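Scroll down for the structure; my scribbles are underneath it.
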């Protein structure tokens, strides 16, 4: 598996660290069902996922990777700072 | 009274020669990491040019020559190798002395790229990774920096604490590439 880092170019999976689902952080401090979802609940889709990865052994950037868990196709890689987590 | 003597990271381990492959330690003058403040890359590059004659390196590139080199060293980070960093740089970037922090070795030889291919997951073909290119990558499971200084000359850097492991790993890879070469002849 290879990921196209926007800074370094196409690199081997070994250089990357997998964090988990890329979720939007709920607004505000007050507890709400959205916080439950953000902290505990995850989808396990057979299809397209959007995950956070870090190019740990490369430039160090946090990335948002869209990929398909069924076909293993990597659909897109973007810098987390630009795409928003 | 105890007397202290500076030791290089690979003291007593290098040089190593296997066939026409050669691994040597390099002790560069000063190494300083440059982390430009937000939006100051262009200004930093100008000051670097004026003080050291090297421009800010784009991702994956090296600027300058042996006397003063700037190595791309990660996201918005470069490593100035050679001279003491000029004070004027401090206005545009955070400067950190890294001189004793890294083990720096050069690998030379006709099959140097084949040796490196056993240690890191990069595409090392000259059309992709040409002289003047650099990468932060995985070197035998260590966080390292790999640079191509010439067609058959590579610079490998890892944390100083990993110097013995690096020499060990590269030496084994050199022996295996050489053995393969011998068995094919």
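The values are calculated or read from the model by the stated rules, or taken from the named source; none is laboratory data. Note that this is a predicted model, so its numbers are computed, not measured. Backbone-built Cβ (ideal geometry, glycine too); neighbour counts: all protein chains shown.
Things to note:
- Scanning segment B:138-185 for residues that are more than 23 Å from residue B:61 (Cβ to Cβ), touching a helix residue (DSSP H, G or I) at 6+ places or on another chain (Cβ under 9 Å) and not in a helix (DSSP H, G or I) returns B:140, B:141.
- Qualifying residue in segment A:24-37 (condition: more than 20 Å from residue B:76 (Cα to Cα) and modelled with pLDDT of 95 or more): no
- Options B:93, B:127: the member that is within 23 Å of residue B:69 (Cα to Cα), surrounded by 19 or more Cβ atoms within 10 Å (Cβ to Cβ) and more than 16 Å from the chain's Cα centre (by Cα): B:93
- The C-beta contact set for segment B:159-175 (first residue without any contact (Cβ under 8 Å) to a residue 40 or more places away in the chain, second residue in a helix (DSSP H, G or I), distance under 6 angstrom, 6+ apart or interchain) is empty.
- Of all residues in segment B:49-58, one or more are outside any loop (DSSP other than H, G, I, E, B), in contact with a strand residue (DSSP E or B) (Cβ under 7 Å, 6 or more places away or on another chain) and surrounded by 12 or more Cβ atoms within 10 Å (Cβ to Cβ).
- Residue count, segment B:15-48 (criterion: buried (at least 17 other Cβ atoms within 10 Å of the Cβ) and in contact with a helix residue (DSSP H, G or I) (Cβ under 6 Å, 6 or more places away or on another chain)): 6
- Subset of segment A:1-52 [within 30 Å of residue B:134 (Cβ to Cβ), more than 14 Å from every other protein chain (Cβ to nearest Cβ) and part of a strand (DSSP E or B)]: A:18, A:19, A:51, A:52
- Within the option set B:107, B:119, B:89, B:124, being touching a helix residue (DSSP H, G or I) at 6+ places or on another chain (Cβ under 8 Å) and in a helix (DSSP H, G or I) holds for one residue only, B:89.
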